[in-house]
Amino acid sequence: MNILILQGSPRANGNTAWMAAEYKKAAEAAGHAVTVVDVARKKIAGCLACEWCHGKGNGACIQKDDMQELYPLFAEAEALVLAAPVYYFTMSAQIQAPVQRLYCINKPPRLRKMALLLSSYSPGVYDGAAGEYRGICGYWQAEDTGIVTARIDEQKTDATRAKLAALVAKL
Ligand SMILES: Cc1cc2nc3c(=O)[nH]c(=O)nc-3n(C[C@H](O)[C@H](O)[C@H](O)COP(=O)(O)O)c2cc1C
C-alpha cells in the first residue's frame, strides 16, 4: 500500500516525528511504501475559499506554494496518516493547512485508509483532534484504522512503539 504520512510538528526530534518514523519503520517492514512529509517545514497557506479551483482552475489551486509538492503525493496515496502535536486541544495548524487545501480535489482519489498519531503534554486532550479526524475519515469514505496517542510519560516508549505497530497491522 502506498502510505503518505504528514508530520505536523516543527520539532524535528520531537515526539510526533518519532511516532511518524516508528510507524514508517513498521509499515516498511510489512512491505508498504511510505513517504513522510514534514509539513511544518513547508510553506503552506490556508485555503482562500476563492473557488478558483472549482471554476477556471479545473481542480488546481490558485496558490502556488509548497502544497504543489504535496498534490502529486495525495493523488497516489492509498493510506494517509496524520501525525500531529496537540496544540490548544486540536491538531497543529501545520497539519490543518494541507488537509484544508485538498478542497480543490475534494478527496484524495485512491485513499482507502487513515490513521491518526497524536502527541501531547497532558492526558485526555484528544477529543477535538479525534473528532476532526473521524469527520474527515467519514467525509472521504476512508476506513479509520485507529488513533495512537502519547502524552509526556508515554513518549518514545516501547509501549507506544507496540501501539504503532498494532496500527500498521490494520492496514
Ligand atoms: C502552541 C502549543 C500549544 C500546545 N497545546 C497543548 C494542549 O492543548 N494540550 C497539551 O496536552 N499539550 C499542548 N502542547 C504541548 C505539546 O502538545 C507537546 O509538548 C507535544 O508532545 C509536542 O510534540 P512534539 O514533540 O512532536 O513537538 C502545546 C504546545 C505548543 C507549542
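Annotations
- Top-ranked residue of the range 1-58 - restricted to ones that are assigned to a helix (DSSP H, G or I), within 14 Å of the chain's Cα centre (by Cα) and aliphatic (A, V, I, L, M), ranked as nearest to the ligand (Cβ to nearest atom): 17
- In the range 71-90, the residues that are in contact (Cβ under 8 Å) with a residue 60 or more places away in the chain and either more than 16 Å from the chain's Cα centre (by Cα) or away from the ligand (no atom under 16 Å from the Cβ) (or both): 73, 74, 76, 77, 78, 79, 80
- Within the option set 20, 33, being closer than 27 Å to residue 150 by Cα and either surrounded by fewer than 22 Cβ atoms within 10 Å (Cβ to Cβ) or free of Cβ contacts under 8 Å to residues at least 12 places away in the same chain (or both) holds for one residue only, 33.
- In the range 107-146, of all residues being closer than 18 Å to residue 27 by Cα and within 15 Å of the ligand (Cβ to nearest atom), the one that is surrounded by the most Cβ atoms within 10 Å (Cβ to Cβ) corresponds to 117.
- Residues in the range 68-111 that are farther than 25 Å from residue 170 by Cα, aromatic (Phe, Trp, Tyr) and in a helix (DSSP H, G or I): 71, 103.
Computed from the coordinates by the stated procedures, all read-outs in this text should not be read as laboratory data. A quick note: this is a predicted structure, and the numbers were derived from the prediction, not measured. Please note: Cβ atoms are built from the backbone with ideal geometry, for glycine as well, and neighbour counts cover all protein chains shown.
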